[in-house]
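Taking it in order: structure first as structure tokens, then the write-up.
The values are calculated or read from the model by the stated rules, or taken from the named source; none is laboratory data. Worth saying up front: this structure is predicted, and the values here are computed from it rather than measured. We place every Cβ from the backbone using ideal geometry, glycine too, and count neighbours over all the protein chains shown.
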Amino acid sequence: MAANEGLIVALPKGRILKELRPMLDAVGLIPEAAFDDPDSRALRFATSDPRVSIIRVRSFDVATFVAFGAAHIGVAGNDVLMEFDYPELYAPLDLGIGRCRLSVAEPADLMATDDPRRWSHVRVATKYPHVTSRHFAARGVQAECIKLNGAMELAPGLGLCQRIVDLVSTGSTLKANGLVEIEKIAEITSRLVVNRAAFKTRPHEVGGWVDRFREARNAA
């Protein structure tokens, strides 16, 4: 990570990026036109600042790109930060976007007779096996985690498991699949994250962008 190279900002695809887009304009980090083109397959984009470029990656990959120094700054949900717990990451700012919660859910018909206080072992489908295991271990419950990257809501109905741990926003997807939220693990928002080494070696550049994002968040 050379001190004279341009800064790279890693941003997540999807819903979070839509919420983040006005903030990019507010901080003066305006991407090239292809960034907003839904048909563009490009993954790296120039910006209005010739010293800064943007890469667009999966939300789970933002933390990895920043932690290992492939990007200097990024935006990641604290669900991702909790799951990977990279010591190389510093998260100085809660952007207050992407609000949802990480929750345990199960079939509605199971809830009628289920008592979570009596659990000793659970099988759970999730893309957050580490967070899930830690959560249940703190309650003295052994969690057998089945790693899935999507379509979590299908798992109980197909007999893969009885419970899932996933992000919940409105709860409409759970309801559509006959599931109910029974326990909240954490409130989730998106955070500005920086590579610790970059923050130490390029404090004025990296710190300057942190300050800009903080001002934009406070003005929103």
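A few remarks follow.
- Within the range 133-220, strands (runs of 3 or more DSSP E) holding 1 or more residues that are touching a residue at least 60 places away in the same chain (Cβ under 8 Å), β-branched (Val, Ile, Thr) and touching a Gly at 6+ places or on another chain (Cβ under 8 Å): 179-188, 190-195
Quick grid of which residues meet (1) of a type in the set (Phe, Trp, Tyr); (2) exposed (fewer than 15 other Cβ atoms within 10 Å of the Cβ):
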position: 136; (1), (2): yes, no
position: 139; (1), (2): no, yes
position: 152; (1), (2): no, no
position: 158; (1), (2): no, yes
position: 164; (1), (2): no, no
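- Of all residues making up the range 147-168, the number that are at pLDDT below 95 and in contact with a Cys (Cβ under 7 Å, 6 or more places away or on another chain): 0
- Residue check for residue 80: under 17 Å from the mean Cα position of the chain (by Cα) and of a type in the set (Val, Ile, Thr): yes
- Pair list, Cβ < 6 Å and 6+ apart or interchain, from the range 25-52 residues that are more than 22 Å from residue 5 (Cα to Cα) and in the same structural domain as residue 212 (by TED's automatic domain parsing) to residues that are at pLDDT 95 or above and not acidic (Asp, Glu): 26/216
- Test: residue 17 is among the hydrophobic types (A, V, I, L, M, F, W, C) and either over 16 Å from the mean Cα position of the chain (by Cα) or farther than 27 Å from residue 84 by Cα (or both): no
- Restricting the range 185-203 to residues that are within 21 Å of the chain's Cα centre (by Cα) and either at pLDDT below 95 or among the hydroxyl-bearing types (Ser, Thr, Tyr) (or both), the residue that is surrounded by the fewest Cβ atoms within 10 Å (Cβ to Cβ) is 189.
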